[in-house]
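The values are calculated or read from the model by the stated rules, or taken from the named source; none is laboratory data. These figures come from a predicted structure and were not determined experimentally. Note that we place each Cβ from the backbone using ideal geometry, even for glycine, and neighbour counts take in every protein chain shown.
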Amino acid sequence: MEKVNKRITELVANNPKSASVLHFLGIHFFNYTEQTLGEVCQQQGLDASLVVRRLNENAQLKDKTQISLEEYPVELIIEYLKHSHYIFIKQRLTYISSLLENYQDSSTIVKDLKLIFPHFFKDFVEHIYEEEDTLFAYIMALRKMQQNPEKATDPQLLKYAKEKSQGKTIAAFEKEHREEDNEMNGMRELTNQYQHANQGDLHAKVILDALKSFEGELKIHAKIENDILFPKAAQLESEVLALSH
């Protein structure tokens, strides 16, 4: 229970990712510059042992690239990706928004981020919803036709699939996806690869670490789509086309 006696800011300085664990337990590190974890838990009515356990679990998390989805059917892969979308929007990006909104120091980089991040957030959400409403919906329509071959010639389902695909094939969706710029390019360049000259600015350090971690998760997400989802969807599309002829 050594962590209980450490100041909140010390815990976060040693591991910036612990700030997000504390955030979702209701402890915003920037509000407690001098108190220890134990003192804050007592103030907030939190079980200190539970908080320490969450911090330790987070520190021991394995790299998410180890997640293997190759053996799962396409509908479960899509559910996994949709769940990731939910986590991105409701947790990762809202957490970064909170960090930015509560930043009170003088960093020019963070001030610039406060201006552009809301636009990035809005564009990202629109992109996510569009992907779910077109690509994912088209793949699920194909899956329905594959599972029920008699539906492969159903005019209503064929019309629905065509609307959702916007007249594109899986290969066309994949080409567009691979050619898209990384959504984080602008912020990576603005922040000099998520580096900050003032190492004493803990709040800025946590913000940049959160952005860097989010980009890492996006890369894994894109790899799952490119290497697993698209090949399975292309095979699915080919099988359904054969059924409908």
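Observations on the model:
- Residue in segment 215-226 that is buried (at least 18 other Cβ atoms within 10 Å of the Cβ) and either over 15 Å from the mean Cα position of the chain (by Cα) or not in a helix (DSSP H, G or I) (or both) present: no
Table: residues versus (1) among the aliphatic types (A, V, I, L, M); (2) surrounded by 14 or more Cβ atoms within 10 Å (Cβ to Cβ); (3) in contact with a Lys or Arg (Cβ under 9 Å, 6 or more places away or on another chain).
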{"position": "ASP112", "(1), (2), (3)": "no, no, no"}
{"position": "PHE121", "(1), (2), (3)": "no, yes, no"}
{"position": "GLU126", "(1), (2), (3)": "no, no, no"}
{"position": "ILE139", "(1), (2), (3)": "yes, yes, yes"}
{"position": "GLU150", "(1), (2), (3)": "no, no, no"}
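Residues checked against (1) surrounded by 11 or more Cβ atoms within 10 Å (Cβ to Cβ); (2) of a type in the set (Lys, Arg); (3) at pLDDT 95 or above; (4) not in a helix (DSSP H, G or I):
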residue: ARG54; (1), (2), (3), (4): yes, yes, no, no
residue: GLU57; (1), (2), (3), (4): no, no, no, no
residue: THR65; (1), (2), (3), (4): yes, no, no, no
residue: GLU71; (1), (2), (3), (4): no, no, no, yes
residue: GLU79; (1), (2), (3), (4): yes, no, yes, no
residue: LEU93; (1), (2), (3), (4): yes, no, yes, no
residue: SER97; (1), (2), (3), (4): yes, no, yes, no
residue: GLN104; (1), (2), (3), (4): no, no, no, yes
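- Residues of segment 176-205 satisfying the condition of being surrounded by 13 or more Cβ atoms within 10 Å (Cβ to Cβ) and either of a type in the set (Ser, Thr, Tyr) or in a helix (DSSP H, G or I) (or both): HIS177, GLY186, MET187, ARG188, LEU190, THR191, TYR194, LEU202, HIS203, ALA204, LYS205
- Tabulated pairs, segment 214-237, first in contact (Cβ under 8 Å) with a residue 24 or more places away in the chain, second surrounded by fewer than 15 Cβ atoms within 10 Å (Cβ to Cβ) and among the β-branched types (Val, Ile, Thr), C-beta under 6 angstrom, 6+ apart or interchain: ILE220/THR65
- Odd one out for GLY26 among (1) in a helix (DSSP H, G or I); (2) exposed (fewer than 13 other Cβ atoms within 10 Å of the Cβ): (1)
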